């Protein structure tokens, strides 16, 4: 599908990696340049994404550690771009998240973001919900309630999802389970719905709506589907309507159309359940090789395609 003249886009930064935590300097350099280059995650073909006001309606920043990015948010705001910060705060044991900052630090940053830019900017993500002998149902109830209480007033939405066990996810979980001596399992749908009901009540008690991401069959009993790339929320932030197609490459996803500027296998948080990192050592190597002044997040040797607005059919996924 070719994009018609004047069609704009929401930029996702990113559901493939943690740009705010690890690649903030690169992002700032590309924002000043007005574009970045991205490799299609399936074909490897590179393409150009415009980051100018003429083409970009705003940004959705997905992160587990927004602290290194706070100055960058000021720059994005000063340039007049609307943005949302989706911040994942789970508070899991280090056996599951080896390099994630203390939840209290992220909570403080979300309060700061909400106070400075307005509550619609800040969204809490408690995902992925993973059932292990270290994190059984009781753990999630107690842990979620503690974080929700601490975030009261900072956000009006918490997004959750349950772990999806891709081949790479199973492999990484099995390796960690053997190393640290825990077990993991995929709970039944009834168990998931029961937990969602309890978490929803806790969220409401703390003035938040609980939504579920990418798992439409669990969006029942008052739990709404999440829209992580959300043109409506972005419009609320911007103060004017932002139009985007409600279209995703995943049938179970309700996100509005976007262009993700991240790269898989570049996040070094070390979450053993992560869908975006196949191998942590590969991610570390790519992180070390990263050039903050480069057009690509990580280098690509292929010739570039024209601007993504002219070859959207080749551009690859939106929200992933």
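Looking only at residues that are part of a helix (DSSP H, G or I) and out of contact with any strand residue (DSSP E or B) (no Cβ under 9 Å at 6 or more places or on another chain) in the stretch 96-106, which one is surrounded by the most Cβ atoms within 10 Å (Cβ to Cβ)? In this case the residue turns out to be 103. Selection over the stretch 281-297 of residues that are touching a residue at least 60 places away in the same chain (Cβ under 8 Å) and not in a loop (DSSP other than H, G, I, E, B) gives a count of 2. Evaluation of residue 44 against the conditions (1) surrounded by fewer than 24 Cβ atoms within 10 Å (Cβ to Cβ); (2) part of a loop (DSSP other than H, G, I, E, B); (3) in contact (Cβ under 8 Å) with a residue 40 or more places away in the chain; (4) on the phi < 0 side of the Ramachandran plot shows that the sole unmet condition is (4). Scanning the stretch 15-41 for residues that are assigned to a loop (DSSP other than H, G, I, E, B) and buried (at least 22 other Cβ atoms within 10 Å of the Cβ) returns 15, 16, 17, 18, 23. Counting only residues that are assigned to a loop (DSSP other than H, G, I, E, B) and modelled with pLDDT of 95 or more, the stretch 53-64 holds 1 of them. Annotation: residue 69 fulfils all but one of (1) outside any strand (DSSP E or B); (2) farther than 30 Å from residue 145 by Cβ; (3) in contact with a helix residue (DSSP H, G or I) (Cβ under 9 Å, 6 or more places away or on another chain); the unmet one is (2).
Cβ-Cβ distances below 6 Å connect the following pairs, each with a first residue in the stretch 7-23 that is more than 17 Å from residue 82 (Cα to Cα), a second residue that is modelled with pLDDT under 95 and surrounded by 24 or more Cβ atoms within 10 Å (Cβ to Cβ), and a separation of six or more residues or different chains: 15/319. Within this structure, residue 58 fails the test of being surrounded by fewer than 17 Cβ atoms within 10 Å (Cβ to Cβ) and in contact (Cβ under 8 Å) with a residue 12 or more places away in the chain. Scanning the stretch 72-81 for residues that are buried (at least 16 other Cβ atoms within 10 Å of the Cβ) and outside any helix (DSSP H, G or I) gives a single hit, 81.
Candidates in the stretch 140-150 are the residues that are touching a strand residue (DSSP E or B) at 6+ places or on another chain (Cβ under 9 Å) and free of Cβ contacts under 8 Å to residues at least 60 places away in the same chain; of these, the one that is nearest to residue 67 (Cα to Cα) is 147. In the stretch 180-193, which residues are surrounded by fewer than 18 Cβ atoms within 10 Å (Cβ to Cβ) and in contact (Cβ under 8 Å) with a residue 12 or more places away in the chain? Matches in the stretch 180-193: 180, 182, 183, 185, 186, 187, 189, 191, 193. Residues in the stretch 209-239 that are over 26 Å from residue 190 (Cβ atoms) and surrounded by 22 or more Cβ atoms within 10 Å (Cβ to Cβ): 229, 230, 231, 233, 234. Against the numbered list (1) in contact (Cβ under 8 Å) with a residue 60 or more places away in the chain; (2) surrounded by 21 or more Cβ atoms within 10 Å (Cβ to Cβ); (3) in a loop (DSSP other than H, G, I, E, B), residue 90 comes up short only at (1).
The values are calculated or read from the model by the stated rules, or taken from the named source; none is laboratory data. All of these numbers come straight from a predicted model, not from anything done at the bench. Quick reminder, even Gly has a Cβ in these numbers, built from the backbone with ideal geometry, and neighbours come from all protein chains shown.
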